[in-house]
Structure formats: C-alpha cells, structure tokens
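Asks: Dropping the structure in here first, questions after.
The values are calculated or read from the model by the stated rules, or taken from the named source; none is laboratory data. It should be emphasised that the depicted structure is a prediction, and the values quoted were computed from it without experimental measurement. Methodologically, a virtual Cβ is constructed for each residue, glycine included, from the backbone with ideal geometry; neighbour enumeration extends over all protein chains shown.
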Amino acid sequence: MEKNNITKLNKLFEEYVYEQDGIEYWLARELQELLEYSQWRNFLNVIDKAKVSCKNSDNEISDHFADVSKMIELGSGAKREVEDIMLTRYACYLIAQNGDSKKEKIAFAQSYFAIQTRKQELLEERSELMERLQAREKLAETETELSKNIFERGVDNFGFARIRSKGDWALFGGNNTKEMKLKLGIKENRPLADFLPTITITAKQLATEITNFNVQKENIKGEIKITDEHVKNNTDIRNLLGKSGIKPEELPMEEDIKKLERKVKSIDKTISKNNLKITKKKN
C-alpha cells in the first residue's frame with residue numbers, strides 16, 4: 001500500500017469517528033461504506049461474526065455494539081427510519097478482523113483498529129499509573145511544605161523525620177516508618193511512600209496537609225506540640241479509613257514508584273511511535 005493511500009485512508013477513518021461522553025464510536029452504515037460492502041445484509045453477517053468473537057473474548061456484546069435507528073432522506077425527498085449500530089473501537093477492530101483481508105481497505109482497517117485499540121489500552125494503563133504517581137508527587141510537595149513550615153518554628157530535619165515517623169505510627173496502627181519498611185521488605189534508604197498504594201499515599205498527604213494548615217493557623221511551635229498535632233490528624237484519617245474496613249498496615253505494597261515512572265515514559269514513547277503507523281497486513 002502506497003504511503004499516500006495510507007495517509008488518505010487514515011484521515012478518512014478519523015473523519016468518521018464520533019464522540020459521546022468521552023467515548024469514541026463509529027456508525028455501522030458508515031463503516032460499511034468505508035469497508036466497501038455494497039449490501040447492508042452482507043455487512044450484517046460480518047458484524048454477527050464480530051459479535052461472536054466479542055462474546056468469546058468474555059466481553060459484553062452490548063458494551064461494544066449498540067442498536068440505534070436514524071432517519072435517512074430518500075431520493076423523492078421523503079424520509080425513512082433505518083436501523084444502525086454504534087460501534088466502539090474494539091467492535092470495529094473485530095469487524096475488520098472478520099472481513100476479507102484481500103480488500104485493501106479492510107486490510108488497512110485491520111491494522112488501523114488494532115493500533116488504535118492498543119493505543120487506547122495504553123492510554124488507560126497510563127491513566128492508572130499517573131493516578132498513583134500524581135498522588136506521590138502531591139505528598140512529596142506537602143511534606144516539603146510542612147518541613148519548611150516547622151523549620152521556622154524551631155524543628156530541624158531530624159525533628160521532622162521523627163514527626164513524620166510518629167505520624168506513620170498513628171496511621172499504620174502502631175507501626176512507625178522503620179517498622180513498616182521492615183514489614184514490607186523495603187530498603188532502609190528508600191522512602192516508604194514509594195511503595196504504598198494510592199489510597200495510603202492520599203491518606204498520608206491529607207493528614208500532612210491538615211497538620212501544615214493547623215500549624216500555620218494556630219502558630220504551633222516546637223517538636224512536641226507539632227508531633228501531637230500530626231499524630232492526631234493521622235489518627236483521625238486512620239479512623240476514617242477504618243469506617244470502610246481499611247487498615248493501611250494490612251494493604252500489600254505496590255510496585256516501586258520509580259518503575260512506574262519508567263513505564264509511563266515507555267508508554268508515551270510507544271504511543272508517539274505508533275500514532276500514525278498504519279502498515280499493510282500480510283496476507
């Protein structure tokens with residue numbers, strides 16, 4: 001397939017996509033034309049095969065194939081209601097896979113929707129990874145702010161480490177920072193938060209944010225008083241989690257945050273590389 005044809009077809013498939021509530025979809029009758037099926041009933045046979053493939057992959061057919069109707073204008077100016085189907089990217093991929101790959105546009109569609117489906121999977125994976133990365137970044141920023149704030153009130157870096165460890169002791173049910181690292185098998189020189197699940201990172205961040213706010217508002221000074229404030233806030237957050245049956249010290253550790261950062265970079269590179277990479281499927 002020539003490069004110019006690839007570019008043209010790629011643009012054509014992009015122009016036919018719709019979006020509703022953040023979800024991309026294609027209409028079956030328009031896809032029929034794109035894939036050069038002259039008769040609707042023949043195209044329906046391909047759709048039926050795609051539905052079987054969808055079911056065999058343990059996916060709900062209704063999640064990817066939604067029956068709709070629309071009005072079309074006849075040559076006489078009259079209008080008639082016809083059936084149509086809203087198709088997700090995955091549905092289009094299955095339809096292409098069940099089509100005749102000897103046809104140029106179907107061969108193109110097989111590659112196009114395979115790449116677009118994989119791209120969406122990568123974007124969803126990236127979104128999940130970014131949620132934890134952003135929570136960790138927010139915690140680091142809040143802890144840095146608290147460190148600066150209490151330094152002005154007579155507490156040095158060693159004092160801050162003790163305050164934070166006491167906060168962990170309250171949040172993790174009597175396990176301080178060092179004890180939680182031993183419990184989870186984390187190296188002493190690595191931050192505990194780099195291995196915590198998102199909900200625990202968020203809990204630590206909220207408790208620290210409250211401590212920082214109250215230290216400033218009440219002008220709390222000295223390590224002992226600030227420690228008491230931080231322990232209280234972590235205890236309150238622990239009690240809140242407990243109402244939902246969550247005990248932070250019992251949650252399993254997550255993948256190293258540094259590995260997540262590398263994964264995100266790798267995903268970004270893959271998405272960028274494959275963004276316009278549409279290749280002809282070998283027969």
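Asks: Tell me, which residue of region 116-172 that is surrounded by 19 or more Cβ atoms within 10 Å (Cβ to Cβ) and at pLDDT below 90 is farthest from Glu223 (Cα to Cα)?
Replies: Among those that are surrounded by 19 or more Cβ atoms within 10 Å (Cβ to Cβ) and at pLDDT below 90, it is Gln116.
Asks: Could you tell me whether Thr198 is surrounded by 16 or more Cβ atoms within 10 Å (Cβ to Cβ), among the hydroxyl-bearing types (Ser, Thr, Tyr) and assigned by TED's automatic domain parsing to the domain that holds His230?
Replies: Details: surrounded by 16 or more Cβ atoms within 10 Å (Cβ to Cβ): no; among the hydroxyl-bearing types (Ser, Thr, Tyr): yes; assigned by TED's automatic domain parsing to the domain that holds His230: yes.
Considered against the rule, which asks whether it is surrounded by 16 or more Cβ atoms within 10 Å (Cβ to Cβ), among the hydroxyl-bearing types (Ser, Thr, Tyr) and assigned by TED's automatic domain parsing to the domain that holds His230, Thr198 comes out as no.
Asks: Given the criteria touching a residue at least 40 places away in the same chain (Cβ under 8 Å), in a helix (DSSP H, G or I) and not basic (Lys, Arg), does Gln134 qualify?
Replies: no
Asks: Within region 13-63, how many residues are of a type in the set (A, V, I, L, M), in a helix (DSSP H, G or I) and free of Cβ contacts under 8 Å to residues at least 24 places away in the same chain?
Replies: Selection size over region 13-63: 3.
Asks: Among the residues of region 205-226, which ones are buried (at least 20 other Cβ atoms within 10 Å of the Cβ) and touching a Lys or Arg at 6+ places or on another chain (Cβ under 9 Å)? If you could, list the steps in order and put the result at the bottom.
Replies: Filtering region 205-226 down to residues buried (at least 20 other Cβ atoms within 10 Å of the Cβ) leaves 205, 207-208, 211-212, 215, 226.
Within region 205-226, Gln205, Ala207, Thr208, Thr211, Val215, Ile226 meet the criteria.
Asks: So Asn157 clears everything in (1) in contact with a Leu (Cβ under 8 Å, 6 or more places away or on another chain); (2) without any contact (Cβ under 8 Å) to a residue 24 or more places away in the chain; (3) not aromatic (Phe, Trp, Tyr) except one condition, right? Which one?
Replies: For Asn157, the failing item is (1).
Asks: Kindly indicate the residue of region 176-191 that is crowded, with 18+ Cβ neighbours inside 10 Å and over 20 Å from Asp236 (Cβ atoms) and also farthest from the chain's Cα centre (by Cα) among those meeting that condition.
Replies: Lys181
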